[in-house]
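The values are calculated or read from the model by the stated rules, or taken from the named source; none is laboratory data. Since the model is a prediction, treat every value here as computed from it, not as a measurement. Methodologically, a virtual Cβ is constructed for each residue, glycine included, from the backbone with ideal geometry; neighbour enumeration extends over all protein chains shown.
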Amino acid sequence: MAHFKFGKFQFFGLALIIVLFSLAIWYPKNYYKQDKVVVAFGDSLTRGYGMVPPDGNYVVFLSEYVHIPIINSGRTGDTTSDALIRLQSDVLDKKPNVVIVFLGGNDFFAGYSPEVIKANLMTMIRKIQDIGAKVILIGTTSQIAPEYENVIQQVAAKEKVFAYIPGIMDSIMFRKDLLYDTIHPNEKGHEMIAQKILPALQGALSEN
């Protein structure tokens, strides 16, 4: 049986090759250009609500996953009409490459027509796409507002958004371990939301 002996430099050379090979596989999946601008545009589900700490909402989790800052432009209580008013200052003026749009829940609770959501979402998505940014559109839940979820899906198809994630709250609703109250996710719930959005965000950031 042949015996091989590695010298010190051979050993370190082999170790370096292994490290570089590992980085070549891992790096592209987890790091993106630092000049990419991502904005999360939404309501309290984006801002974070209740006992969720400032570093415990889905925006922070996503930022940690992709290793770039993400601007949190969520505002508690916003309907799609409210959000449309501040679209210019809170999204378009940031010159984003990617915008996560997560709205519609407050329209449902305010009793607005699904057609109002449809019109507002279409307007904001067109304005975002007009500046060359990719849109990741998030659906809310088909469990308590299926007609609103259907409208969001229609908008996603009609406006050809980069990605649409349906019913992101479906696996969180009615689970006490994932909710702060009856509708707002806790920190663990936010982490689940981030994990669902992550593949779409990685795809958007990977494109030039």
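Scanning the range 97-124 for residues that are within 19 Å of residue 37 (Cβ to Cβ) and out of contact with any Lys or Arg (no Cβ under 9 Å at 6 or more places or on another chain) yields 100, 101, 102, 124. A single member of 93, 78 is within 14 Å of residue 40 (Cα to Cα), among the acidic types (Asp, Glu) and surrounded by fewer than 17 Cβ atoms within 10 Å (Cβ to Cβ), and it is 93.
Taking the range 148-171 as the range and being buried (at least 20 other Cβ atoms within 10 Å of the Cβ) and among the charged types (D, E, K, R) as the test, only 149 passes.
Can you find even one residue in the range 157-171 that is over 26 Å from residue 67 (Cα atoms), in contact with a Ser or Thr (Cβ under 8 Å, 6 or more places away or on another chain), charged (D, E, K, R) and without any contact (Cβ under 8 Å) to a residue 40 or more places away in the chain? Checked against the condition, which is being over 26 Å from residue 67 (Cα atoms), in contact with a Ser or Thr (Cβ under 8 Å, 6 or more places away or on another chain), charged (D, E, K, R) and without any contact (Cβ under 8 Å) to a residue 40 or more places away in the chain, the range 157-171 yields at least one hit. For the range 181-190, filtering for residues that are surrounded by 18 or more Cβ atoms within 10 Å (Cβ to Cβ) and either within 16 Å of the chain's Cα centre (by Cα) or over 28 Å from residue 122 (Cβ atoms) (or both) leaves 5. Only residues that are crowded, with 22+ Cβ neighbours inside 10 Å, in a helix (DSSP H, G or I) and not hydrophobic (A, V, I, L, M, F, W, C) were counted across the range 119-147, and they come to 1.
When residue 113 is tested against (1) crowded, with 17+ Cβ neighbours inside 10 Å; (2) of a type in the set (S, T, N, Q); (3) more than 19 Å from the chain's Cα centre (by Cα), just one condition goes unmet, and that condition is (1). Taking first residues from the range 27-56 that are surrounded by 21 or more Cβ atoms within 10 Å (Cβ to Cβ) and partners that are in a loop (DSSP other than H, G, I, E, B) and at pLDDT below 60, no Cβ contact under 6 Å between residues at least 6 apart in sequence or on separate chains turns up.
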